[in-house]
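First up is the structure itself, then whatever we jot down about it.
The values are calculated or read from the model by the stated rules, or taken from the named source; none is laboratory data. All values reported here derive from a predicted model rather than from experimental measurement. Using ideal geometry, Cβ is built from the backbone for each residue, glycine included, and neighbour counts are taken over all protein chains shown.
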Amino acid sequence: MQKIINVKQLTKSYGKLLAVNNVSFSVSRGTVFGLLGANGAGKSTTIECILGTKKADSGQVSVLGMNPLTNRKMLFEKVGVQFQETNYQEQITVGELCEVTACLYRNTANPADLLTRFGIADKQKSLVKDLSGGQKQRLFIVLALIPNPEVVFLDELTTGLDAKARREVWKILSGLKEKGLTILLTSHFMDEVEALCDQICILKNGEIVFYGTVSEAVKNSPHEKFEDAYLWYTDEEGQTDENL
Amino acid sequence: MKTFNTMLKTELKLSLRGMDMFIFAICVPLVVLIILGIIYGNKPAFEGAGYTFLEQSFSALATISICAGGVMGLPLVVSEYRSRKILKRYKVTPISPALILFVQVAIYTLYALVSLVMLYLTAKLFFGYQFHGSIGTFFSGYLLVVVSMFSIGMMVGGIAPNTKMAGAIASILYFPMLIFSGATLPYEVMPTVLQKVANILPLTQGIKLLKMASLGLEINSVLLSVLVMIIIAVICIGISLKFFKWE
């Protein structure tokens, strides 16, 4: 199968802090890859190094066969990115943000259709900052999908969404995956990871502690539920016990 | 081009929604013009002068908008877009984040030009203003003032560590220049001591240059001003290019 994202021996440190240590993985076309780990485990740094917004100390990264640092212009015609942070102008409306985003690319999906599919078509004239947390989150996914991407990066995909909205987002993403979209996501919801991810990679202190499928993760652990297995890998359970 | 136009349209709407530039770059110069017009009317600039006081002040008023946009508007918007990670978001698109900065420069240039046209029409219609100099020289000087003022703003916005700091530096630069460079309070009515202090401000030099151009006086007397403006522009653009922080 064609590899869409290839990460080889990625290492990045901030001063003395080793944020990402010798991380390697690859993501095949049309699959969903989950990058998991506690806050500070190195997920965001890994994503930023893949996208080229941070420069890795060593290792190789390719996305769609291109180097994100040297082939930026061509690569990002086909890549959608949703960041955690609020990176939009304070007084901008939903419609304007979609229009401006669309004008950056040569080929785009129709933003109005996407807004309809994510149930926020009636918010076009609202200011982005006035949207609820869940509506904002859905808008940011819409923005990531505007370039008709071949691969999307979704950082903390459904944080702030209610149960129903999360299910709807999952359904839409599964549908896009069927059509060949490759997705790399981070999430703190293990039910979501189980429902969506074909492959996962669990990071702890910048290193890979597990890389494989969800069922393999459960099989290789002493637990039967994936969430317990995840906590076992990240040792969060042990830490909570110590606190008791 | 489609990208630039759409961004210009949206950023202009956002800027107008904020109202502050409309007030500081469009309304303030007009208000000062009207006040000076009412006070001095068609009086000559000094006894035996070939031009009126208002004609002498016109080009100074035309720089208020350049100063507001370049030294106040530009640094604030640049540091805000950095701290809100908007510049960073552009890094993961096919467009360079430099384009959004270019769009902002275009917007503040537009404010300045609109202000210039409004000032000219108001002065002409209500106060009998006449332009005495060469239009070519005036616009060359005008462009030089725009470039050097905007380069100051780009430098402040590009290297200030956060929005608060950018706001503080912008205020320290903007208000003294607005009041003491002769943009609002005419240079000619200042006491000599104050005039000497004013000469340190870069905008004072820009205004001298534009005054000569608009009154059709000998350009040689302001060669030093031209040089000062060029040096400021070169230094600030150099620092911006070298130390600009995108994140």
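Out of A:T182, A:T213, A:T234, I need the residue that is exposed (fewer than 14 other Cβ atoms within 10 Å of the Cβ) and in contact with a strand residue (DSSP E or B) (Cβ under 7 Å, 6 or more places away or on another chain). Which one?
Details: A:T182 fails: exposed (fewer than 14 other Cβ atoms within 10 Å of the Cβ); A:T234 fails: exposed (fewer than 14 other Cβ atoms within 10 Å of the Cβ).
Of the residues listed, the single one that is exposed (fewer than 14 other Cβ atoms within 10 Å of the Cβ) and in contact with a strand residue (DSSP E or B) (Cβ under 7 Å, 6 or more places away or on another chain) is A:T213.
Any residue at all in segment A:117-133 that's within 14 Å of chain B (Cβ to nearest Cβ), outside any helix (DSSP H, G or I), crowded, with 20+ Cβ neighbours inside 10 Å and modelled with pLDDT of 90 or more?
No, segment A:117-133 contains no residue that is within 14 Å of chain B (Cβ to nearest Cβ), outside any helix (DSSP H, G or I), crowded, with 20+ Cβ neighbours inside 10 Å and modelled with pLDDT of 90 or more.
Say we look at segment A:66-84 and pick out the residues that are outside any helix (DSSP H, G or I) and closer than 17 Å to B:I100 by Cβ; which of these is farthest from the other protein chains (Cβ to nearest Cβ)? Quick ask: steps written out before the conclusion?
First, pick out the residues of segment A:66-84 that are outside any helix (DSSP H, G or I): A:66-71, A:76-84.
Still in the running and closer than 17 Å to B:I100 by Cβ: A:76, A:81, A:83.
On the way: A:F76: 5, A:V81: 4, A:F83: 7 Å.
Going through the qualifying residues, I end up with A:F83.
So how many residues does segment B:125-146 have that are part of a helix (DSSP H, G or I) and either in contact with a Phe, Trp or Tyr (Cβ under 6 Å, 6 or more places away or on another chain) or buried (at least 19 other Cβ atoms within 10 Å of the Cβ) (or both)? Write out each step before concluding.
First, pick out the residues of segment B:125-146 that are part of a helix (DSSP H, G or I): B:125-127, B:135-146.
Right, trim to either in contact with a Phe, Trp or Tyr (Cβ under 6 Å, 6 or more places away or on another chain) or buried (at least 19 other Cβ atoms within 10 Å of the Cβ) (or both) and you get B:127, B:138, B:141-142, B:144-146.
The total comes to 7.
From the list A:G133, A:G119, A:G95, A:G37, exactly one residue is of a type outside the set (F, W, Y) and under 20 Å from A:C201 (Cα atoms). Which is it? Walk me through how you get there before you give the answer.
Values: A:G133 fails: under 20 Å from A:C201 (Cα atoms); A:G119 fails: under 20 Å from A:C201 (Cα atoms); A:G95 fails: under 20 Å from A:C201 (Cα atoms).
That would be A:G37, the only listed residue that is of a type outside the set (F, W, Y) and under 20 Å from A:C201 (Cα atoms).
Restricting to segment B:229-247, count the residues that are exposed (fewer than 15 other Cβ atoms within 10 Å of the Cβ) and assigned to a helix (DSSP H, G or I).
Matching residues across segment B:229-247 total 8.
Say we look at segment A:215-230 and pick out the residues that are touching an Asp or Glu at 6+ places or on another chain (Cβ under 9 Å) and hydrophobic (A, V, I, L, M, F, W, C); which of these is nearest to A:V193 (Cα to Cα)?
A:F226
Provide a single number: the residues in segment B:59-91 that are more than 12 Å from A:Q89 (Cα to Cα), buried (at least 24 other Cβ atoms within 10 Å of the Cβ) and within 10 Å of chain A (Cβ to nearest Cβ).
0
Of all residues in segment B:39-56 being crowded, with 18+ Cβ neighbours inside 10 Å and not in a loop (DSSP other than H, G, I, E, B), which is nearest to the other protein chains (Cβ to nearest Cβ)?
Going residue by residue through segment B:39-56, those that are crowded, with 18+ Cβ neighbours inside 10 Å are B:40, B:45, B:51-56.
Filter once more, so that each one left must be not in a loop (DSSP other than H, G, I, E, B): B:40, B:52-56.
Details: B:Y40: 40, B:T52: 42, B:F53: 41, B:L54: 37, B:E55: 39, B:Q56: 39 Å.
Restricting to residues being crowded, with 18+ Cβ neighbours inside 10 Å and not in a loop (DSSP other than H, G, I, E, B), the top hit is B:L54.
Somewhere in segment B:21-38, is a residue within 14 Å of chain A (Cβ to nearest Cβ) and surrounded by fewer than 16 Cβ atoms within 10 Å (Cβ to Cβ)?
So in segment B:21-38, the residues within 14 Å of chain A (Cβ to nearest Cβ) come out as B:21-22.
Subset that is surrounded by fewer than 16 Cβ atoms within 10 Å (Cβ to Cβ): B:22.
Checked against the condition, which is being within 14 Å of chain A (Cβ to nearest Cβ) and surrounded by fewer than 16 Cβ atoms within 10 Å (Cβ to Cβ), segment B:21-38 yields at least one hit.
Touching a helix residue (DSSP H, G or I) at 6+ places or on another chain (Cβ under 8 Å), more than 24 Å from B:A112 (Cα to Cα) and modelled with pLDDT under 95, is that true of B:L194? Steps first, answer last, please.
On the way: touching a helix residue (DSSP H, G or I) at 6+ places or on another chain (Cβ under 8 Å): yes; more than 24 Å from B:A112 (Cα to Cα): yes; modelled with pLDDT under 95: yes.
So B:L194 passes the test.
For segment B:147-172, which positions are of a type in the set (A, V, I, L, M, F, W, C), in a helix (DSSP H, G or I) and crowded, with 22+ Cβ neighbours inside 10 Å?
Here is the first cut: in segment B:147-172, the residues of a type in the set (A, V, I, L, M, F, W, C) are B:147, B:149-150, B:152, B:154-156, B:159-160, B:165-166, B:168-170, B:172.
Then keep just the ones that are in a helix (DSSP H, G or I); that gives B:147, B:149-150, B:152, B:154-156, B:159, B:165-166, B:168-170, B:172.
Scanning segment B:147-172 gives B:M149, B:F150, B:I152, B:M154, B:M155, B:V156, B:A166, B:A170.
Search segment A:91-116 for residues being outside any helix (DSSP H, G or I) and polar (S, T, N, Q), and hand back the single one that is farthest from the chain's Cα centre (by Cα).
Of segment A:91-116, the ones outside any helix (DSSP H, G or I) are A:91-93, A:103-110.
Checking the rest, the ones that are also polar (S, T, N, Q) come to A:91, A:93, A:107-108, A:110.
Values: A:Q91: 27, A:T93: 24, A:N107: 22, A:T108: 20, A:N110: 22 Å.
That would be A:Q91.
Take segment A:88-102 and flag every residue that is surrounded by fewer than 18 Cβ atoms within 10 Å (Cβ to Cβ) and at the interface with chain B (Cβ under 7 Å from one of its Cβ atoms).
Of everything in segment A:88-102, just one residue is surrounded by fewer than 18 Cβ atoms within 10 Å (Cβ to Cβ) and at the interface with chain B (Cβ under 7 Å from one of its Cβ atoms), namely A:Q91.
Among the residues of segment B:173-202, write down those that are assigned to a helix (DSSP H, G or I), without any contact (Cβ under 8 Å) to a residue 60 or more places away in the chain and over 20 Å from B:V226 (Cα atoms).
Narrowing segment B:173-202 to residues assigned to a helix (DSSP H, G or I): B:173-180, B:187-189, B:192-198, B:202.
Adding the requirement that they be without any contact (Cβ under 8 Å) to a residue 60 or more places away in the chain leaves B:175-176, B:179-180, B:189, B:192-198, B:202.
Once the filter is applied, which keeps residues that are assigned to a helix (DSSP H, G or I), without any contact (Cβ under 8 Å) to a residue 60 or more places away in the chain and over 20 Å from B:V226 (Cα atoms), segment B:173-202 yields B:F175, B:P176, B:I179, B:V189, B:T192, B:V193, B:L194.
Search segment B:211-228 for residues being crowded, with 22+ Cβ neighbours inside 10 Å and either polar (S, T, N, Q) or at pLDDT 95 or above (or both), and hand back the single one that is farthest from B:S151 (Cα to Cα).
B:S214
State whether one or more residues within segment A:160-167 are crowded, with 16+ Cβ neighbours inside 10 Å and within 14 Å of chain B (Cβ to nearest Cβ). Don't jump to the end; show me each part of the working.
Step one: filter segment A:160-167 for residues crowded, with 16+ Cβ neighbours inside 10 Å, giving A:161, A:165-166.
Adding the requirement that they be within 14 Å of chain B (Cβ to nearest Cβ) leaves none.
Looking through segment A:160-167, none of the residues is crowded, with 16+ Cβ neighbours inside 10 Å and within 14 Å of chain B (Cβ to nearest Cβ).
Please list, ordered by residue number, the helices (runs of 4 or more DSSP H) wholly in segment A:148-236 having 1 or more residues that are in contact (Cβ under 8 Å) with a residue 60 or more places away in the chain. Please lay out each step first, then the result.
Numbers: elements: A:163-178, A:190-196, A:214-219, A:226-234.
Those helices (runs of 4 or more DSSP H) span A:163-178, A:190-196, A:226-234.
Return only the number of the condition from (1) in contact with an Asp or Glu (Cβ under 8 Å, 6 or more places away or on another chain); (2) farther than 30 Å from A:E90 by Cβ; (3) assigned to a helix (DSSP H, G or I); (4) of a type outside the set (D, E) that B:V103 does not satisfy.
Unmet condition: (2).
Restricting the first residue to segment B:54-76 and requiring it to be closer than 19 Å to B:Y129 by Cβ, which pairs with a second residue that is in a helix (DSSP H, G or I) and of a type in the set (K, R) meet a Cβ separation below 6 Å and a spacing of at least six or different chains?
So the pair list comes out as B:S59/B:K211.
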